Amino acid sequence: MQPAIAVRKLTKTYAEGSAGVAALRGVDLHVNAGELVMLVGPSGSGKTTLLSIMGCILTATSGSVRIAGKEVTRLTEKQLPRIRLEHIGFVFQGFNLFPTLTAGENVELMLDLKGLPAAKARKRAEELMEQVGLGEKYESFPSDLSGGQKQRVAIARALAGDPDIILADEPTAALDSQTGRNVMEMMSELAHQRGRAVVIVTHDSRVLDFADRTVRIEDGIIVDSGQPATLPAPALMTHAFPQHALSLAGFFANPLEYRL
Amino acid sequence: MPPLAQRNLFHDKVRLTVTLTGIVFAVVLIVVELGLFVGFTQTTSNLIDNSGADLWVTSKNVTYVEQGFPFSERKLYQIRAIPGVADAQKYITHWTGWKRPDGGQESVQIVGFNPDSSLGKPWNLVEGRVEDVKRPDAVMVDELYKQKLGVTRVDEVFEISGHRARVVGFTRGIRAFTTSPYVFTTFKRSQEYANLGEAQTIFVLVKIAPGADVQQVRREILGGVKDVEVFSSRQFSRMTQFYWMFTTGAGVAVLLAALLGLVVGFVVVAQTIYATTVDHLKEFGTLKAMGAPNSYVYKVIIKQAAISAVIGYVLGMIVSGFVVHASQRGGAAILLPWQMAAGMFFLTLAMCIGAALVSINKVTRLDPAIVFKG
């Protein structure tokens, strides 16, 4: 079976003055359906760039990107939105909900993009909100929701498009540890029970145990890839989001809390 | 489609108020200026449009109705002999002075007509009858100019060019484009007020017979009567309108003011919609990241502009309605024909949607990668 995402010899160079900046330098990666892969690495290593290119938001400088078997690097700017709409759902660090729409309407928006009539969109949105445990919050505005609730609405919205692939950029960064784990459980279910290919960029070492595979990127290349437990311990102590940061003392005081 | 456009629009009430204020200002200014233009234009050719004549015979080189030069009234009889002419009457318009009770002088335009004919008589009488001008020294003025002329009621006596003038009736709505009101009287009396010779006239008004061809009769008059010009009423009306509105520049000034209103409205709406778009840029980026084509995003922005246009138009027309109503008793009537009101709707819509194009350009160039910026 072909991978949901297949990246081969991918490079991305940002032109900056007289010298370009190589954000990605020959990356090879595949993600299968039903797999949850986490991209880790220091800030500026190229994780978000890789995620953006897999999400057909940025174009590669060279290399191949296949999404659900389709080569997307040769597609025009006008064709890429179609790929995103049909195959990819996004979950963002900042939730990116529309503040003037209710939680339910945020989900309906995705269904409207898919061309569902209003009544059907509403019904489907209600089902999705129930699935993420927020049925009673359908008419609430994002400003009335907690961080975890917002992220669950965002997940419902991402699922509304029935995508093969879920791409998440630091989905737990703005959440406390318990809420973050709840969100991760949902992401894990999307992969392992609903068969989606899930790729998550994260700095949060607390959630690495959810990954089937962790890929470490440094300076635009993959330096390590494997089970979270097989990666060297210090390599995982990257820059956690400050409000959820753990001191080194805390780590060594209770190492069992952090499964590596 | 979830109500994203409406919600974004009404979410920021201050900005919405600014947007609507800009649109209302534009609508009112354009309506008032165009209404003045239409009102002025109609006023300039009032005498011609309400004369009942099919043709106007003038001396040569006359380009507007106030410009007439005297010619021999013998030409009247030549004109009456032309086949197809049902009626022809002498007619005078001439500037002269009106003496107020307080001794002050006002410039007026004497209009001399034959009260036994249907041609060239005053219209919209609110007091008195047309036949009353046959009474000694009788004149009629418009009630709009009562104060200007010092008139309070009928039967008051005044002086025109050293001759008596008794007000025997009032009309309503017969405005003069210049500051000099029309004073209607008999043709003979007008010759005295205008210090014209007895055998002179300024115009001859012609009514053609049923079934006769206006242009054919016109050509025959030109061929049969020397040293005259002959215009259809419509043609003479347009010439007079053109002279006052464009040759003098009065109309151009009014149209420029209307254009200014359009520009101001456009700029205000463009600025506020642009500011709203920038505020919601990340949302538009999210929409694009979700797979929305540019056209979907454009629809949201255009819908915002269209809703603003409709609300602004309604409010603007309400205000304009009050202004138009208030102007009816003033010296310059602002007219608002339904065609102009309808056209104004589409102009407002076009103005707002055009203003939204600035924002559309911004969103088109938006990099969806903005969604990953925290």
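Report, ordered by chain and residue number, the aspartates and glutamates lying within cross-link reach of B:LYS207, taken as a straight Cα distance under 15 Å and ignoring same-chain residues fewer than 8 apart. Cα-Cα hits under 15 Å: B:ASP49, B:ASP54, B:ASP87, B:ASP116, B:GLU220. Think of the protein assembly as shown as a dipole: +1 on every Lys or Arg Cβ, -1 on every Asp or Glu Cβ, centred on the Cα centre; then among A:GLY161, B:THR93, A:HIS87, B:THR93 lies furthest on the positive end.
Using alpha carbons only, how many angstrom separate the centre of segment A:1-62 from the centre of segment B:329-374? That distance is 42 Å. Averaging the sequence gap over all C-alpha pairs within less than 8 Å and six or more residues apart, then dividing by the number of residues, gives segment B:1-114 a relative contact order of 13 percent. Per-residue ellipticity at 222 nm computed for chain B from its helices equals -16000 deg cm²/dmol, with DSSP H segments shorter than 4 residues left out and the rest contributing -39,500 (n - 2.57). If you average the alpha carbon positions of segment B:140-167 and of segment B:40-112, how far apart do those two centres end up, in angstrom? That distance is 20 Å. Per the Cα gyration tensor, segment B:61-226 maps to an equivalent ellipsoid with semi-axes of 31, 16, 14 Å, ordered largest to smallest.
Listed by Cβ neighbour count within 10 Å, with the fewest neighbours leading, B:ARG329, A:ARG25, A:ARG157, A:ARG181 appear as B:ARG329, A:ARG25, A:ARG181, A:ARG157.
Using only side-chain charges placed at the Cβ, +1 for Lys and Arg and -1 for Asp and Glu, the dipole size of segment B:61-226 relative to its Cα centre rounds to 260 debye. Comparing A:THR61, A:THR214, A:THR100 in a Gaussian network model of chain A (Cα springs below 10 Å), the most mobile by mean-square fluctuation is A:THR100. Exceeding 28 Å between C-alpha atoms, which entries from my cross-link table qualify? They are B:LYS75/B:LYS148; B:LYS75/B:LYS121; A:LYS78/A:LYS150. Among B:LYS75/B:LYS148; B:LYS75/B:LYS121; A:LYS78/A:LYS150, the Cα-Cα distance tops 28 Å for B:LYS75/B:LYS148; A:LYS78/A:LYS150. Which of rounded, prolate or oblate describes segment A:5-257 when judged by the alpha-carbon gyration tensor and an a/c cut-off of 1.5? Cα axes put segment A:5-257 in the oblate bin. Taking θ as phi - 60° and the Karplus parameters 6.51, -1.76 and 1.60, the scalar couplings of segment A:22-35 work out to 7, 7, 10, 10, x, 8, 10, 7, 10, 10, 8, 4, x, 10 Hz in sequence order, x denoting glycine and proline.
Rounded to whole numbers, the Karplus 3J(HN,Hα) couplings from phi for segment B:262-279 are 5, 5, 4, x, 4, 5, 5, 5, 4, 5, 6, 5, 5, 4, 5, 4, 4, 4 Hz, using 6.51 cos²θ - 1.76 cosθ + 1.60 with θ = phi - 60°, and x at Gly and Pro.
May I ask which of A:LYS12/B:LYS299; A:LYS12/B:LYS288; A:LYS137/B:LYS288 have a Cα-Cα span longer than 28 Å here?
Beyond 28 Å: A:LYS12/B:LYS299.
Positive contributions from Lys and Arg (+1) and negative ones from Asp and Glu (-1), summed over other residues with Cβ under 14 Å from the Cβ of B:VAL57, come out at +3. For the pair B:ASN61 and B:ALA350, the difference between a 0.36 nm per residue extended length and the Cα-Cα distance amounts to 99.7 nm. Dividing the helix sum by the residues of chain A, where each DSSP H run of 4 or more adds -39500 (n - 2.57), gives a mean residue ellipticity at 222 nm of -9000 deg cm²/dmol.
Since every read-out is calculated from the coordinates, none of them should be taken as a lab result. These numbers were taken from a predicted model, which means no experiment stands behind them. Using ideal geometry, Cβ is built from the backbone for each residue, glycine included, and neighbour counts are taken over all protein chains shown.
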